[in-house]
Amino acid sequence: MKRLIVLIGIFLFHSLAHAQDSFTKGNYELASRFSPEKLKKMIFSTDVKAHWLKNSDRFWYEYETSDGKNWYLVNPANRTKTQLFDKDALAAQLTLIIKDPFDGQHLDLKDLKFVEEENALQFKVKSSEEVLKKDWDEIKAKNKNAKDSLEKKTFTFKYSLANQSLTEIEDQEEKRKRLSWANISPDSSKIVFVKHENLYWMDKENFLKAVKDEKDSTIVSHQITDDGEKDYSYGGSGRGDDNVDEEKKKDDRKRASVYWSPNSNEFVLSRTDARQVKDLWVLHNTKNPRPTLETYKYAMPGEKEQPRNELKHYSFDSEEMTDLEIDTFKDQSLGIWSADLLASQMDDDFKPVKWLGDENYFYFTITSRDLKRIDICRWNIKENKKEVLVEERSNTYIEVQKPKILNNGTEFIHWSERDGWGHFYLYDVNGNMKRQLTSGPYHTESIERLDEKNRILYFSANGKEKDEDPYYLHLYKVSLNGGNVTLLNPGNYDHRALVNDKATYFVNNYSRVNTTPASALYDNQGRKIMDLEEADLRSLIAAGYQFPEPYTVKADDGITDLYGVMYKPFDFDSTKSYPIIEYVYPGPQTESVNKSFGRSMDRIDRLAQLGFVVVTVGNRGGHPARSKWYHNYGYGNLRDYGLADKKAAVEQLADRYTYIDRSRVGIHGHSGGGFMSTAAMLVYPDFFKVAVSSAGNHENNIYNRWWSEKHHGVKEVITPKGDTTFVYQIERNPDLAKNLKGHLLLVTGDVDNNVHPANTIRMANALIKANKRFDFIILPGQRHGFGDMTEYFFWRMADYYVQHLLGDNTPRPVDMLEIQREKALTK
């Protein structure tokens with residue numbers, strides 16, 4: 001008997017030991033090294049943001065490394081880069097004035113800009129002294145439980161470049177923020193705003209009074225309209241906040257979205273009638289002592305109650321507001337285009353919103369509800385009529401860009417995908433096409449600058465260069481008179497070019513996911529003037545970071561190339577077997593695949609450190625930066641179109657690499673990716689084993705009309721009586737709830753007013769009715785991005801994959817206090 005007991009004990013001991021070895025423990029320690037807060041201390045500047053000056057070709061930029069921040073002035077003409085000021089001397093001056101200790105290595109200057117004809121600098125610094133927040137009364141009125149009433153005192157200074165003197169000046173920026181309601185005319189003579197849902201204006205003299213004191217009783221304003229009402233206002237988006245006191249809302253001035261004529265004598269605006277659009281609600285359970293209801297307008301696909309856009313024109317000379325007749329399509333959308341800003345205007349305090357055009361014309365678009373028809377129009381002010389310049393038509397949805405007006409309005413450049421690829425076309429003043437400027441199987445992205453004098457178009461494009469990832473952007477130029485396209489920044493990288501106003505120089509920022517970001521200065525012939533910076537990743541590499549690996553696979557059709565990135569644990573061992581997790585976003589407006597080095601790692605690099613191979617990959621129907629065929633592949637099949645490609649990618653990678661375990665496949669996504677990851681579990685339940693699906697639009701029939709109808713399609717139907725209706729039908733995730741076999745975690749914020757929580761709740765309801773086990777987390781008080789609970793969400797996601805893919809049922813608990821302390825220290 002004793003011998004039997006001993007044998008049983010030995011057997012149990014070995015069984016327990018075998019069970020302990022049958023799973024891999026999640027490497028929480030390695031994942032914790034790369035939290036967003038810790039990455040802020042390891043990744044600094046990764047690109048040069050050039051601030052071009054108005055009076056020369058010079059520019060300045062700020063660049064941070066592990067040695068602190070530096071501010072440089074670059075003169076391309078003589079190929080020099082110099083410090084903008086002596087940091088140590090400036091720190092000493094700040095210490096003397098503010099009485100706080102400063103040193104050169106730790107200077108932190110905010111809102112720096114050139115002033116006084118570029119002879120001085122203006123900037124802000126914060127002191128250690130705490131003062132009551134300037135808008136504390138307003139914050140408290142909105143939320144009686146609001147805390148943190150104090151903030152660091154801010155000082156504003158002017159620094160003379162001639163004699164290096166430092167002078168404290170009055171901070172006008174705070175006043176400007178409080179006066180954000182003011183839409184100022186280009187000549188600064190008039191200010192338009194919304195009050196009581198109607199339009200008002202005041203002259204410059206009265207506006208200056210408001211700058212000094214908004215409550216000045218002598219301020220005179222003039223009412224323009226008197227028919228504005230809630231949800232049919234002359235300002236605002238139609239979203240209300242029921243938690244703001246009604247009396248306060250009546251007194252508030254709001255910014256009017258008007259577009260000024262260049263001479264400041266007229267303006268136009270789009271007025272939206274949302275009165276018939278149905279309400280939607282979220283309930284704030286944690287905001288106030290009593291739960292409060294937030295109500296807002298939300299148009300859903302297929303609904304007949306849609307917002308109506310009206311085009312209005314006002315003349316200060318005649319003092320008349322005119323309705324402009326533009327009715328073209330049922331439930332059409334209106335888009336008014338604003339004039340472009342120059343690169344040297346980006347730092348200006350005053351940026352007037354002018355219409356695109358001149359005193360005689362302004363430009364706009366009219367789009368049909370099904371987005372298969374777009375008219376590029378201008379309004380002839382003298383003849384008071386609409387003129388259609390370009391008609392775009394397609395059997396799937398159409399996308400266009402703002403036209404570029406040139407040669408005193410006698411020509412314009414138009415972007416279109418009419419031949420299956422996004423390209424530029426030159427038109428004359430009457431809408432007659434003169435020539436196609438670019439052509440071929442590649443995608444032009446955007447106009448970067450136009451040299452009107454020499455008639456040269458500078459633009460970014462991708463997919464033109466052979467033997468590199470077709471998503472990598474480059475800068476090109478082409479003559480408006482026709483001719484070949486010239487590449488200006490070669491190199492197998494993803495490039496971002498910042499071109500100056502004269503189009504004589506550009507700053508080129510470039511990297512791949514597996515290279516250190518760098519920046520250089522070029523001239524308009526593509527000749528390198530000088531190297532500028534290479535990002536400082538020393539601390540990141542010292543912490544164990546390793547670059548991910550780009551890869552290529554075939555789509556499920558065996559023909560289409562798909563491009564992805566693989567992220568491995570930094571302690572990777574090729575002799576081991578790893579579960580694989582796909583991080584997904586289906587598009588169609590983008591894909592969750594990085595092309596350049598990025599500082600956001602939570603869903604990819606950091607997740608891999610727990611003990612997974614994490615991959616991202618495109619799919620047919622995804623990114624718009626390829627052919628229109630590729631981009632529109634999922635039209636009419638918005639639930640399932642990308643799933644086969646995601647599955648095919650994992651299968652090919654598992655065939656290619658023995659360390660990938662195809663029997664342990666996880667999938668994760670947020671928003672559209674939350675929708676896609678759940679769909680993958682239900683369409684391929686024997687392949688995808690674990691999913692964490694956050695904020696997913698599981699029922700696109702209750703997501704917003706614009707995204708859902710655009711990417712899936714809506715059918716315009718003419719009834720026997722001649723009425724126009726719209727029919728929207730789509731397959732939903734809850735329809736497949738019965739198919740669930742693996743482990744599914746659903747997550748949503750309870751006040752998500754983008755993808756409403758009902759999407760996730762209905763998914764949960766269908767799973768319960770199908771008698772399925774799953775997990776569900778509601779994050780209190782969180783919108784679509786999960787706000788201050790993103791770190792908590794990461795660790796709950798980590799726990800789920802560690803438990804169900806690694807077999808580790810004892811994950812480390814999340815210490816939220818530690819996370820909060822870490823954030824406080826970083827601040």
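The values are calculated or read from the model by the stated rules, or taken from the named source; none is laboratory data. None of the values given here were measured: they were computed from a predicted structure. Methodologically, a virtual Cβ is constructed for each residue, glycine included, from the backbone with ideal geometry; neighbour enumeration extends over all protein chains shown. Just the protein is used for accessible areas: all its heavy atoms, side chains included, with ligands, DNA and RNA removed. Shrake-Rupley method; radii C 1.70, N 1.55, O 1.52, S 1.80 Å.
So the check is Cβ under 8 Å with 6+ separation or different chains; which pairs have a first residue in the range 284-310 that's without any contact (Cβ under 8 Å) to a residue 40 or more places away in the chain and more than 17 Å from Ser233 (Cα to Cα) and a second one that's open to solvent by 30 Å² or more (accessible area, probe 1.4 Å) and polar (S, T, N, Q)?
So the pair list comes out as Pro291/Asn285; Glu305/Gln276.
Kindly evaluate Lys287 against the criterion of being touching a helix residue (DSSP H, G or I) at 6+ places or on another chain (Cβ under 7 Å) and modelled with pLDDT under 95. It would help to see each step written out before you state the result.
Numbers: touching a helix residue (DSSP H, G or I) at 6+ places or on another chain (Cβ under 7 Å): no; modelled with pLDDT under 95: yes.
Judged against the criteria, Lys287 is not a match.
Gly238 versus (1) open to solvent by 30 Å² or more (accessible area, probe 1.4 Å); (2) at pLDDT below 75; (3) under 25 Å from Ile326 (Cα atoms): which is the lone unmet condition?
Gly238 satisfies all of (1) open to solvent by 30 Å² or more (accessible area, probe 1.4 Å); (2) at pLDDT below 75; (3) under 25 Å from Ile326 (Cα atoms) except (1).
Scan the range 603-615 for residues that are farther than 30 Å from His474 by Cβ and assigned to a loop (DSSP other than H, G, I, E, B) and jot them down.
Across the range 603-615, the qualifying residues are Gln609, Leu610, Gly611, Phe612.
Restricting the search to the range 506-559, which residues are of a type in the set (Ser, Thr, Tyr) and either touching a residue at least 60 places away in the same chain (Cβ under 8 Å) or under 25 Å from Phe612 (Cβ atoms) (or both)? So that I can check it myself, show each step before the final result.
At the first step, the residues of the range 506-559 found to be of a type in the set (Ser, Thr, Tyr) are 510-511, 515-516, 519, 522, 539, 545, 551-552.
Hits for the range 506-559 are Tyr510, Ser511, Thr515, Thr516, Ser519, Ser539, Tyr545, Tyr551, Thr552.
How many residues are surrounded by 24 or more Cβ atoms within 10 Å (Cβ to Cβ) and in a helix (DSSP H, G or I) when one looks only at the range 651-672?
The first filter runs over the range 651-672 and keeps only residues surrounded by 24 or more Cβ atoms within 10 Å (Cβ to Cβ), leaving 665-670, 672.
Within this subset, residues satisfying the condition of being in a helix (DSSP H, G or I) are 672.
Qualifying residue count for the region: 1.
Return the residue satisfying two criteria in turn: it lies in the range 759-779 and is farther than 13 Å from Ser694 by Cα and in contact with a helix residue (DSSP H, G or I) (Cβ under 8 Å, 6 or more places away or on another chain), and of such residues it is surrounded by the fewest Cβ atoms within 10 Å (Cβ to Cβ). If you could, list the steps in order and put the result at the bottom.
Filtering the range 759-779 down to residues farther than 13 Å from Ser694 by Cα leaves 762, 765-774.
Those left that are additionally in contact with a helix residue (DSSP H, G or I) (Cβ under 8 Å, 6 or more places away or on another chain): 762, 765-767, 769-770, 772, 774.
On the way: Arg762: 18, Asn765: 13, Ala766: 21, Leu767: 22, Lys769: 11, Ala770: 14, Lys772: 15, Phe774: 20.
Going through the qualifying residues, I end up with Lys769.
Quick one: would you say Thr82 is at pLDDT 95 or above and open to solvent by 20 Å² or more (accessible area, probe 1.4 Å)? Walk me through it before giving the result.
Working: at pLDDT 95 or above: yes; open to solvent by 20 Å² or more (accessible area, probe 1.4 Å): yes.
Yes: the conditions hold for Thr82.
Taking the residues in the range 317-352 that are β-branched (Val, Ile, Thr) and open to solvent by less than 40 Å² (accessible area, probe 1.4 Å) as candidates, determine which candidate is farthest from Phe114 (Cα to Cα).
Pass one, the range 317-352, residues β-branched (Val, Ile, Thr): 322, 326, 328, 336.
Within this subset, residues satisfying the condition of being open to solvent by less than 40 Å² (accessible area, probe 1.4 Å) are 326, 336.
Details: Ile326: 44, Ile336: 32 Å.
Ranking the candidates gives Ile326 first.
Might you check whether a residue that is over 14 Å from Lys69 (Cβ atoms) and either open to solvent by less than 70 Å² (accessible area, probe 1.4 Å) or among the aliphatic types (A, V, I, L, M) (or both) occurs anywhere in the range 102-111?
No, the range 102-111 contains no residue that is over 14 Å from Lys69 (Cβ atoms) and either open to solvent by less than 70 Å² (accessible area, probe 1.4 Å) or among the aliphatic types (A, V, I, L, M) (or both).
So, Val747, is that one open to solvent by 30 Å² or more (accessible area, probe 1.4 Å), in a strand (DSSP E or B) and not acidic (Asp, Glu) or not?
On the way: open to solvent by 30 Å² or more (accessible area, probe 1.4 Å): no; in a strand (DSSP E or B): yes; not acidic (Asp, Glu): yes.
No; evaluated as a whole, the condition is false for this residue.
Out of everything in the range 290-305 that is out of contact with any Gly (no Cβ under 9 Å at 6 or more places or on another chain) and among the basic types (Lys, Arg), what residue ends up being modelled with the highest pLDDT?
Among those that are out of contact with any Gly (no Cβ under 9 Å at 6 or more places or on another chain) and among the basic types (Lys, Arg), it is Lys304.
Looking at Glu716, is it within 26 Å of Glu399 (Cα to Cα), in contact (Cβ under 8 Å) with a residue 12 or more places away in the chain, part of a loop (DSSP other than H, G, I, E, B) and open to solvent by 20 Å² or more (accessible area, probe 1.4 Å)?
Numbers: within 26 Å of Glu399 (Cα to Cα): yes; in contact (Cβ under 8 Å) with a residue 12 or more places away in the chain: yes; part of a loop (DSSP other than H, G, I, E, B): no; open to solvent by 20 Å² or more (accessible area, probe 1.4 Å): yes.
Criteria not met by Glu716.
What are the residues in the range 6-32 that are at pLDDT 90 or above, part of a loop (DSSP other than H, G, I, E, B) and open to solvent by less than 90 Å² (accessible area, probe 1.4 Å), if any? Quick ask: steps written out before the conclusion?
To start, the set of residues in the range 6-32 that are at pLDDT 90 or above comprises 25-32.
With the extra rule that they be part of a loop (DSSP other than H, G, I, E, B), the set shrinks to 25-27.
Correct list: Gly26, Asn27.
Sort out which residues of the range 40-68 are in a strand (DSSP E or B) and closer than 22 Å to Asp523 by Cα, and write them in order of number.
His51, Trp52, Phe59, Trp60, Tyr61, Glu62, Tyr63
Which residue out of Pro579, Pro588 is in a loop (DSSP other than H, G, I, E, B), open to solvent by less than 10 Å² (accessible area, probe 1.4 Å), of a type outside the set (A, V, I, L, M, F, W, C) and touching a residue at least 40 places away in the same chain (Cβ under 8 Å)?
Details: Pro579 fails: in a loop (DSSP other than H, G, I, E, B).
The conditions single out Pro588.
Please verify whether the range 347-356 includes one or more residues that are over 18 Å from Lys628 (Cβ atoms), part of a strand (DSSP E or B) and free of Cβ contacts under 8 Å to residues at least 60 places away in the same chain. Outline the logic, then answer.
Step one: filter the range 347-356 for residues over 18 Å from Lys628 (Cβ atoms), giving 347-356.
Next cut, part of a strand (DSSP E or B) only: 354-355.
So of that shortlist, the ones also free of Cβ contacts under 8 Å to residues at least 60 places away in the same chain come out as none.
No; the residues of the range 347-356 include none that is over 18 Å from Lys628 (Cβ atoms), part of a strand (DSSP E or B) and free of Cβ contacts under 8 Å to residues at least 60 places away in the same chain.
Cβ-Cβ below 7 Å, separation at least six or inter-chain, first residue in the range 484-502 and within 18 Å of Leu457 (Cα to Cα) and without any contact (Cβ under 8 Å) to a residue 60 or more places away in the chain, second among the acidic types (Asp, Glu) and surrounded by fewer than 22 Cβ atoms within 10 Å (Cβ to Cβ): which pairs?
Matching pairs, first to second residue: Ala497/Glu448.
Any idea which of (1) at pLDDT below 95; (2) part of a strand (DSSP E or B); (3) of a type in the set (S, T, N, Q); (4) open to solvent by less than 50 Å² (accessible area, probe 1.4 Å) is the one Gln122 doesn't satisfy?
Only one criterion is unmet by Gln122, namely (1).
For (1) exposed (fewer than 14 other Cβ atoms within 10 Å of the Cβ); (2) of a type in the set (S, T, N, Q); (3) part of a strand (DSSP E or B), each residue gets a yes or a no:
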{"residue": "Asn70", "(1), (2), (3)": "no, yes, yes"}
{"residue": "Val74", "(1), (2), (3)": "no, no, yes"}
{"residue": "Ala77", "(1), (2), (3)": "yes, no, no"}
{"residue": "Asp88", "(1), (2), (3)": "yes, no, no"}
{"residue": "Gln93", "(1), (2), (3)": "no, yes, no"}
{"residue": "Asp100", "(1), (2), (3)": "no, no, no"}
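How about the range 467-481: which of its residues are under 25 Å from Asp340 (Cβ atoms) and crowded, with 17+ Cβ neighbours inside 10 Å?
In the first step, residues of the range 467-481 are kept if they are under 25 Å from Asp340 (Cβ atoms); the result is 473-481.
Scanning the range 467-481 gives Leu473, His474, Leu475, Tyr476, Lys477, Val478, Leu480.
Does the range 673-712 hold any residues that are among the aromatic types (Phe, Trp, Tyr) and either surrounded by 24 or more Cβ atoms within 10 Å (Cβ to Cβ) or under 28 Å from the mean Cα position of the chain (by Cα) (or both), and which are they?
As a first pass, look at the range 673-712 and keep what is among the aromatic types (Phe, Trp, Tyr): 675, 684, 687-688, 703, 706-707.
Selection gives Phe675, Phe688, Tyr703, Trp706, Trp707.
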